[in-house]
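Have a look at the structure below before the remarks.
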Amino acid sequence: MSVLKSFIQAFMHALKNLFPIILVVVVFQGLVLRQIPDNTLAMALGLLVVALGVALFLQGLELSIFPVGKSLANQFSRRGSVPILLAFGFAIGFSAVIAEPALIAVAQQAQEISAGRIDAFRLRLLIAVSVGLVTALGVFRTIFGFPLHWFMIVGYITVVIITWFAPAEIVGLAYDSGGVTTNIVTVPLIAALGIGLAGSIRGRNPLIDGFGLVALAVMVPMISVQLYGIMVFGDDNPVTAPLTTAPVIAPEPIGFFKVLLELGSMIRDVLPIIVTILFFQYLVLRKGLPNPPRTLLGFTLVILGLYAFVIGLKLGLFPIGTAMAEQLIGLDGFLFVYLFAFAIGFATTMAEPALIAIGRQAEEAAAGQLNGNVIRVLVALGVAVGITIGVHRIITGGSMHYFIISGYALVILLTFLAPRFIVALAYDLGGVTTSEVTVPLVTALGIGLASNIEGRNVLMDGFGLIAFASIFPIVTVMSYAIAVQWLITRREVES
């Protein structure tokens, strides 16, 4: 009965979170475009299915991935075997990313747009290995208590330096690749690993030491993909005219075989993680799961929730998002494109299941210091600002290098100024913004703009919006923490 009650609460909460998206769509359709979509009923049904998927997914996390991830971290830390912990970190990072649907989609688009110069499978394998290695590095940091901000500062200085030398064709894709590695399953699992490990080691703080793995998983692929791009585009025959349009695939009617195929793809996406967990649980620790039926139910709910979530997006958000982007580009001037970018960035982020999950974990780890809803609003505001700036770059034809270098220079400066307890969480929140809701809509918007504005190159200009969506939440969260700390200090001085 408690499981059913929790599910109902999660479903109602998901409906509330989807309200901003509905509001944005209604306002732009009614007041700006002045038309009603033909498939309004299907889209309304799709939004309900999205809410159902989020509720099932969150319930499944609570029953399976969260407790199992924390339990494994606790058991490994009690054994005191650093090599096993590092191996577990690598396996979790690699398995969670290699079959990531958003990464598969972005890599395939990159291969098509680059006329085959970028190999989709090599790109995915490179990113998966990068995330595996950096997850192991994050576990190492947590075990020995090294401050995260030094890792991030050195890392992003490296990113900025490589960006300066990287070819323009790869920069946007590299930053987007870093963003799409952190999905609706990866984020909660990696976060559970870090928090569980920090909570089981004496002297570690779950808020300061437990978070940060997601941030590292976002950062390192930016470096490796840019190095890959230097090799691919660094010869004497650069791609001078990549495709200027990208095919837009409309959602197909969903029949029985289509349902089975998509459900099978959800199982494929989650299977590497399940195999990794079972391998370490039974073959390394040689112990059974504490509650197998409950864990099995949780994994089943995660798969069903992901399936319902994706189906709901195809029915409810993708059609209208694509159509509205094309219609807004056709209007005189770009004012409404800017407004739509800001509004849809805020609305989709508020509905992100991964952000909801990480917000809950942060609230628990902070023991009353942080409010999950405030965090979500700050992150959504950062994404909205970031996407708007990214859209401005595409419209004006500005260099990705200067925008990105300036953005991360600001992040590095704020890292020095922000209170230590917020740094790891802020960097992680920059990663959780680019999940199943945001990535498809934002990617479609960027490619649509680059395809319809004269003089723009899809490979150079179409990618990169996800990078902006990852940078500015870090800025807003750190800025908020700095402001709160300043106010507290001022009150103490005045009293």
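The values are calculated or read from the model by the stated rules, or taken from the named source; none is laboratory data. Because the structure is predicted, anything quoted here is derived from the model rather than measured. A quick note on method: Cβ atoms are made from the backbone with ideal geometry, for glycine too, and the neighbour counts reach across all protein chains shown. Heads up: the accessible areas ignore ligands, DNA and RNA and are worked out on the full protein's heavy atoms, side chains in. Shrake-Rupley method; radii C 1.70, N 1.55, O 1.52, S 1.80 Å.
Listing for the model above:
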{"quantity": "Karplus-derived 3J(HN,Hα), 6.51/-1.76/1.60, for each residue of segment 131-137, Hz, glycine and proline x", "calculated": "5, x, 5, 6, 5, 4, 5"}
{"quantity": "The chain - mean residue ellipticity at 222 nm from DSSP helices (-39,500 (n - 2.57) per run, n ≥ 4, rounded to 500)", "calculated": "-25500 deg cm²/dmol"}
{"quantity": "Separation of the ILE157 and LEU271 label points, Cα + 7 Å toward Cβ, nm", "calculated": "4.5 nm"}
{"quantity": "Span per principal axis, largest first, for the Cα atoms of segment 118-198 (Å)", "calculated": "40, 27, 17"}
{"quantity": "Largest to smallest principal axis extent of the C-alpha atoms in the chain, angstrom", "calculated": "62, 59, 50"}
{"quantity": "Scattering curve values for segment 1-125, log₁₀ I(q)/I(0), Debye with Cα scatterers, q = 0.16, 0.23 Å⁻¹", "calculated": "-1.03, -1.14"}
{"quantity": "Scattering profile of segment 371-495 at q = 0.18 Å⁻¹ [log10 I(q)/I(0), Debye over alpha-carbon scatterers]", "calculated": "-0.91"}
{"quantity": "Estimated FRET transfer efficiency when R0 is 25 angstrom, pair LEU4-ASN373 (beta carbons, to 0.05)", "calculated": "0.55"}
{"quantity": "Contact order normalised by residue count of the chain, Cα under 8 Å, 6+ apart, percent", "calculated": "25 percent"}
{"quantity": "All Cα pairs of segment 50-194, percent lying beyond 18 Å", "calculated": "64 percent"}
{"quantity": "Distance between modelled label sites at ARG79 and ARG34, nm, 7 Å Cα→Cβ extension", "calculated": "6.8 nm"}
{"quantity": "In sequence order, calculated HN-Hα J values of segment 111-126 (Karplus, 6.51, -1.76, 1.60; Hz; x Gly/Pro)", "calculated": "5, 5, 5, 8, 6, x, 5, 8, 8, 4, 5, 4, 4, 5, 5, 4"}
{"quantity": "Cβ-derived FRET efficiency at R0 41 Å, ARG122 paired with ILE482, nearest 0.05", "calculated": "0.50"}
{"quantity": "Largest-first ordering by accessible area, 1.4 Å probe, given options ARG204, ARG393", "calculated": "ARG204, ARG393"}
